[in-house]
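Reviewing the structure listed below.
Readers should treat all values here as calculations from the given coordinates under stated rules, not as data from a laboratory. Everything numeric here is computed off the predicted structure, so don't read it as measured data. When we count neighbours, we look across all protein chains shown, and the Cβ atoms used for this are built from the backbone with ideal geometry, even at glycine.
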Ligand SMILES: Nc1ncnc2c1ncn2[C@@H]1O[C@H](COP(=O)(O)OP(=O)(O)OP(=O)(O)O)[C@@H](O)[C@H]1O
Ligand SMILES: [Mg+2]
């Protein structure tokens, strides 16, 4: 079995990317799937979600961006959660220092894929080389989003990165799946944003593989019910 690679991404910060990635990994692991959580955000919160934090000399996924020859298998740690391993972040990562090919991470993860059913990559909200690398390695992309016009604008920004990679580097990408999070439909802005979703009348959320993209809503003057 070769792992399916799922990136959890958005250009907007604080949209539950890490929460989604950690809970998805834990849920899949709980159902018996072998999962590798790759913490590509140097905040390191996905690792912390599983109680794992790399020490200064430990191998991290960020080492790939300083030396693409780093064998990432050396950094994999077993978590206390069923079937979930973690490839932690370098929380002191200062940025890409070596020219890394955009498909480098995909190639570095490929030897690990046989040992897992799913590889989940948590990304930061930056539109940087790490995000491009994650998209270039992914089969699926989940985009957690708040139902708010600024969050939808962030999805639009992210979609541009996504389609650039899907059209060039990674034709395996199967679609961009929006996942509304922290939903409270008592809030006018959220109801309006949701109503503008193309398939909002058909269901309450978006499922992986839907490829659904929310159009920009008009600005509302009130957030109140
Ligand atoms: N479904 C939820 N309900 C309530 N609070 C949530 C939910 N999901 C996430 N949060 C909270 O929202 C905050 C942001 O979540 P999280 O760190 O997952 O976002 P993020 O998109 O990964 O952020 P960043 O862009 O900084 O990486 C956290 O305080 C988290 O506990
Ligand atoms: Mg995060």
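In units of the rule-of-thumb radius 2.2 N^0.38 Å, the chain shows an alpha carbon radius of gyration of 1.01.
Subtracting the Cα-Cα distance of residue 172 and residue 66 from their residue separation scaled by 0.36 nm leaves 35.5 nm. Straightening the chain between residue 153 and residue 58 buys 30.5 nm, computed as 0.36 nm per residue apart minus the Cα-Cα spacing. If both residues of a DSSP beta bridge must be in segment 4-179, then about 10% of such bridges are antiparallel. Computed from label points 7 Å out along Cα-Cβ, the spacing between residue 107 and residue 2 is 1.6 nm. Protection proxy ranking for 99-109, 178-188, using the average of other Cβ atoms within 10 Å per residue and placing the highest first: 99-109, 178-188.
Segment residue 114..residue 97, full-extension length gain: 3.2 nm, with 0.36 nm per residue of separation and the alpha-carbon distance subtracted. Is segment 27-90 best put as rounded, prolate or oblate by its Cα gyration tensor, with a ≥ b ≥ c the root eigenvalues, rounded for a/c under 1.5, and otherwise prolate when a/b is larger than b/c, oblate when not? Note, shape of segment 27-90 comes out prolate. Comparing 60, 98, 18 in a Gaussian network model of the chain where C-alpha atoms under 10 Å apart are linked, the largest mean-square fluctuation is found at 98.
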